[in-house]
1. Taking neighbour Cβ counts within 10 Å as the exposure measure, how do 127, 75, 121 sort from fewest upward?
2. When a footprinting reagent is the concern and you count Cβ atoms within 10 Å, what order do 74, 86 take, fewest first?
3. Would you mind getting the Kirkwood hydrodynamic radius of the range 63-174 from its Cα pairs, rounded to one decimal in Å?
4. Whole-Hz Karplus ³J(HN,Hα) for the range 160-168, in order, using 6.51 cos²θ - 1.76 cosθ + 1.60 and θ = phi - 60°, x for Gly and Pro?
5. Taking every alpha carbon pair in the range 122-203, what does the distance histogram look like in 10 angstrom bins from 0, in percent?
6. Tell me the volume per residue, in Å³, of the convex hull enclosing the alpha carbons of the range 38-128.
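Taken together, the values in this text are just the output of simple stated rules run on the coordinates, not laboratory data. Owing to the predicted nature of the structure, the values given are computational and were not obtained by experimental measurement. Here the Cβ positions follow ideal geometry from the backbone for every residue, glycine too, while neighbour counts run over all protein chains shown.
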Amino acid sequence: MLALIEALPRPVPVARPDEIGDAALVERALDGDRWAMETLYRRHVRRVTNAVTRMIGRTAEAEDVVQETFLTAFSRLERLREPAAFRGWVARIAVNEVRMRLRKRKWLRRLALDRETDDVSLESLASDAASPEVRAELARIDALLQTLDVDLRMAWTLRYVEGWELTEVATALNVSLATAKRRIREARLVIDAHVGAHEGDGR
């Protein structure tokens, strides 16, 4: 991604990156300012990468999604009506790309054509101090998430794994706040019921 940005002319920055808001950076990027594009990329890439990796579950594919996300964002930057909203806009692009890939994966699995394996899971996020019981429960939740509708799974992951605010989840999913809340609640009810049933079996 940065290699492509390198090809653009590079004006001398007039301020430190942390002193310039997204709106100003977007305006400069629209004028072909390579430094502004690079700053936007560096400012938001970690957040996007973390979310994409958790949602898609595969490190290599996540890297492809992140690169595609920022390429799309910069190529369509003139469509961003509110320059200050770049953070939510780029998250929405990422979510759309993840959604398409997960739905395609679902069909490939039905046809037994998905030969890739997930290498990112809730269990892998557990601390070294986590007990075997906790790890086993996280693995069960991972398996349960695979059975949920893609939109429910993404909403739950962004809210409870990534810790995004409800408004951020709604923006990324391009839905109303009420719809975002409903999707999160539906996913949580399924997972809570599963956890509750499992704990009951262990009594």
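1. If I rank by nearby Cβ atoms, fewest first, I get 127, 75, 121.
2. With the fewest neighbours first, 74, 86 line up as 74, 86.
3. Hydrodynamic radius (Kirkwood, Cα only) of the range 63-174 equals 15.9 Å.
4. Per residue, the Karplus-derived 3J(HN,Hα) values read 9, 8, 8, x, 6, 5, 4, 5, 5 Hz.
5. 18, 45, 29, 8, 0
6. With only Cα atoms used, the range 38-128 gives 113 Å³ per residue.
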